[in-house]
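Below is one structure, written out as C-alpha cells, with a few remarks after it.
The values are calculated or read from the model by the stated rules, or taken from the named source; none is laboratory data. Model, not experiment: these values are computed from the prediction. Because the Cβ atoms are built from the backbone with ideal geometry, glycine has one as well, and the counts that use them run over all protein chains shown. These accessible areas exclude ligands, DNA and RNA; they are computed on the full protein's heavy atoms, side chains included. Shrake-Rupley method; radii C 1.70, N 1.55, O 1.52, S 1.80 Å.
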Amino acid sequence: MSFIGNLFWIILGGLFVALEYLIGGILLCLTIIGIPFGIQTIKLGILALLPFGRDVKSRPNAPTFLSTIFNIIWILIGGIWICVSHLVLAILFAITLVGIPFAKQHLKLAKLSLTPFGYEIV
C-alpha cells in the first residue's frame, strides 16, 4: 500500500515539494551557519519524496536547549510559511475523499516543518 501511495504522491506534486526542500537544503549547507538547518531541510526533502510508510517520532532526549533555540530560529526564518503551505495543501487534498491520505501526509510534514529539531524519521 505504501508503494502505491508514494507513487501517486510523486505524481500529484510530491516530487516538486521534495525538490524544493532538497535545493533549499543544499543552499543552506553552503554556509557554515546554515549547515544544521540545511541538514534538517534535506531530511524533510527525503520525507517529502516518500512519506507513506514512514513516521515522525520525538527523540528520547528531544527538548534540549540547543534544539529549542534552533526551532525558534527556524520558525522565525521561514518555518511558519512552510507549515502554512503544507496546511493549505492538506485542506485542498482533504476536500476530496480520495485525497484524504495525501492530506494526512501533508499534516505530518506540516508538524515536522514547523519544528524539525528534536524529531527523527522512522
So which lysines can LYS43 reach, going by Cα to Cα under 16 Å and dropping same-chain residues fewer than 8 places off? LYS57, LYS108, LYS111
Helix axis angle, 100-114 relative to the chain longest principal axis, alpha carbon, degrees: 10
Set the Förster distance to 41 Å, then compute FRET efficiency between PHE65 and ILE11 from the Cβ-Cβ distance, nearest 0.05. 0.45
Hey, if we sort LEU28, LEU12 by accessible area with the 1.4 Å probe, largest down, what's the order? LEU12, LEU28
Assuming a ≥ b ≥ c are the square roots of the Cα gyration tensor eigenvalues, decide whether the chain counts as rounded (a/c under 1.5), prolate (otherwise, with a/b larger than b/c) or oblate. prolate
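Mind checking the per residue accessible area of segment 20-122 for me, 1.4 Å probe, whole number of Å²?
That works out to 59 Å² for each residue.
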Once ligands and nucleic acids are excluded and a 1.4 Å probe is used, how much of ILE91 is accessible, expressed in Å² to the nearest 10? 110
Once the other residues with Cβ under 12 Å from the Cβ of LYS111 are scored (Lys, Arg +1; Asp, Glu -1), what is the net sum? +2
Counting only protein heavy atoms with a 1.4 Å probe and every protein chain in place, the carbon and sulfur fraction of the accessible surface of the chain in whole percent equals 80
